[in-house]
Amino acid sequence: MSNGNDDQFRRELVEMVPSLRAFGRGLCGNRDLADDLAQETLMKAWAARASYTPGTNFRGWLFRILRNHFYTVAGVAKRFVAYDPDAPSHVQSTQATQGSGILLEDLQRALATLPVEQREALLLMESGLQWDEIARVMECPLGTVKSRITRGRAALKRYMDGPIDMLPGRDAGRQRLES
């Protein structure tokens, strides 16, 4: 690869850093580990730049490198632990008055409750990949990707909407059923 191609490759890598960090954080639930995943992805991509075919899906190529590295490290080193949204360090002790910040935290907790396959599919979709690209990155059939995204969205909606018992008008109907 010529030096001009290396410069272009480097620019494209730098543009992808925020997306790689976000995807990594979604996979492992830890900012520091996500940064490590992104950095390792950048190093592996740079080392393998000669194998990348210009004009193909660069974003998908990088996400696949990150995903494969995550599963290799998680399987071999057992370095990543499941995110526990009920851990004392994650539970608020007072009612918050902020709106959007709390919603974001709720969404992060909701994502952490999803099975990793659903969370991964949703994060890839939010990163801008098309369904067929997600299927290639995740190495599974398109129908499986659609199912994971659909189930993940439904689970997120249930989590964000809260328990049905808390919705207005639900108590009266429930009491009638129990009588």
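What number results when the radius of gyration of region 98-164, computed over Cα atoms, is divided by 2.2 N^0.38 Å?
Taking N as the residue count of region 98-164, the ratio is 1.17.
Using the Karplus equation 6.51 cos²θ - 1.76 cosθ + 1.60 (θ = phi - 60°), what ³J(HN,Hα) coupling, rounded to whole Hz, does each residue of region 16-32 give in order, writing x for Gly and Pro?
The phi angles translate into 8, 3, x, 5, 5, 4, 5, 5, x, 5, x, 6, 9, x, 9, 4, 5 Hz.
If Lys and Arg each add +1 and Asp and Glu each add -1, what is the summed charge of the other residues whose beta carbon sits under 12 Å from the beta carbon of residue 61? Walk me through the intermediate numbers first.
Values: positive: 44, 49, 59, 64, 67, 136; negative: 12, 133.
Net local charge, residue 61 excluded: +4.
Using the Kirkwood formula over every pair of different C-alpha atoms, what hydrodynamic radius in Å results for region 1-81?
Hydrodynamic radius (Kirkwood, Cα pairs) of region 1-81 is 13.0 Å.
Readers should treat all values here as calculations from the given coordinates under stated rules, not as data from a laboratory. Because the structure is predicted, anything quoted here is derived from the model rather than measured. Note that each Cβ is placed from the backbone with ideal geometry, even for glycine, and that neighbours are counted across all protein chains shown.
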